[in-house]
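Input: a single structure, listed below in structure tokens.
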Amino acid sequence: MLLNNQLSIKHIIKKPVDENFPPLFLMIHGYGSNENDLFSFKRDIPENFFIISIQGIYSIGYNKYSWYDIDFSNQEKFINNISQAKKTIEKISYFIDEAIEKYQLNRTKVWLCGFSQGAILSYAIALKKPDKVKKVIALSGYLEECFLQKKKINSTFYSDLEVFISHGKYDPIIPINWSKKGLDFLKNQKILSLHYKEYDSGHTLCNSNYQDLINWIIKNNE
């Protein structure tokens, strides 16, 4: 798959079958991975989606990328550079607008699918742009409080958002209790559909998790 570098973030795509103004299914990989990781899902995702998988902004090795620095030795300060992470959130948000314009996509039907670091970013972007992002898939990640809006929001601000959350019970990278903490916030936002499930796995996507994910996508595909 050829890497497209015409927009602000390098990416690969899969076009939909006979669909005008299709919904965007944006994939955001985890730390140390690349755009081909989540793109393997494309074989099972409904064909009405315009799928885009983006490549991390920072190179950390051969064919390995990240979105911001992480300090794996310090769980109290897991995100090593908050300002860097916030800039990445802005860059991906800008890229979404670019992609919608270039590929003629439906700007009111954006899906975000992220793993680990990509899941953290998916939460942040969706909560920042609830008018645009309608579905969030957060795999082995957590909701980072420092990215939440400080101002008071309307009680129905996120009511149209639908969220799929999965996490391995034995995850050594992002402990499952981190994932659970964000649930309280989401439950208080009157979110229409909030799916959460734990699996007997580590920091990965096991077969049953993957199948549940695909079934959720198919069920919630409008």
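Does segment 198-211 hold any residues that are surrounded by fewer than 16 Cβ atoms within 10 Å (Cβ to Cβ) and either in a helix (DSSP H, G or I) or among the aliphatic types (A, V, I, L, M) (or both), and which are they?
Asn207, Ser208, Gln211
Please enumerate the residues belonging to segment 90-105 that are under 12 Å from Ile9 (Cα atoms) and crowded, with 21+ Cβ neighbours inside 10 Å.
Across segment 90-105, the qualifying residues are Ile92, Ile96, Ala99.
Every residue in segment 61-76 that is modelled with pLDDT of 90 or more and either within 21 Å of the chain's Cα centre (by Cα) or part of a helix (DSSP H, G or I) (or both), please.
Asn63, Lys64, Tyr65, Ser66, Trp67, Tyr68, Asp69
At pLDDT below 95 and under 17 Å from Ile174 (Cβ atoms): is that true of Leu121 in this structure?
Against the criterion (at pLDDT below 95 and under 17 Å from Ile174 (Cβ atoms)), Leu121 does not qualify.
Name the pairs whose Cβ atoms lie under 9 Å apart, with the first residue in segment 24-46 and under 19 Å from Leu121 (Cα atoms) and without any contact (Cβ under 8 Å) to a residue 60 or more places away in the chain, the second β-branched (Val, Ile, Thr) and surrounded by fewer than 16 Cβ atoms within 10 Å (Cβ to Cβ), and 6 or more positions between them or separate chains?
Gly32/Ile60
Taking the condition assigned to a helix (DSSP H, G or I), among the aliphatic types (A, V, I, L, M), modelled with pLDDT of 90 or more and buried (at least 23 other Cβ atoms within 10 Å of the Cβ), does Ile214 pass?
no
Would it be correct to say that Lys169 is more than 20 Å from Ile52 (Cβ to Cβ), among the basic types (Lys, Arg) and modelled with pLDDT of 95 or more?
Yes.
Lys190 passes all but one of (1) within 17 Å of Leu139 (Cβ to Cβ); (2) touching a Phe, Trp or Tyr at 6+ places or on another chain (Cβ under 9 Å); (3) surrounded by fewer than 16 Cβ atoms within 10 Å (Cβ to Cβ); (4) of a type outside the set (Asp, Glu); which number fails?
The single condition Lys190 does not satisfy is (1).
Buried (at least 16 other Cβ atoms within 10 Å of the Cβ) and touching a Ser or Thr at 6+ places or on another chain (Cβ under 7 Å), is that true of Tyr68?
Yes; evaluated as a whole, the condition is true for this residue.
Residues are listed down the side, and each one gets a yes or a no for (1) touching a helix residue (DSSP H, G or I) at 6+ places or on another chain (Cβ under 9 Å); (2) at pLDDT below 95:
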| residue | (1), (2) |
| --- | --- |
| Leu2 | no, yes |
| Val17 | no, yes |
| Ile28 | yes, no |
| Glu35 | no, no |
| Phe41 | yes, no |
| Ile45 | yes, no |
| Ser53 | yes, no |
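The values are calculated or read from the model by the stated rules, or taken from the named source; none is laboratory data. None of these values were measured; they are calculated from a predicted model. Here Cβ is always computed from backbone atoms with ideal geometry, including for glycine, and neighbour counts include all displayed protein chains.
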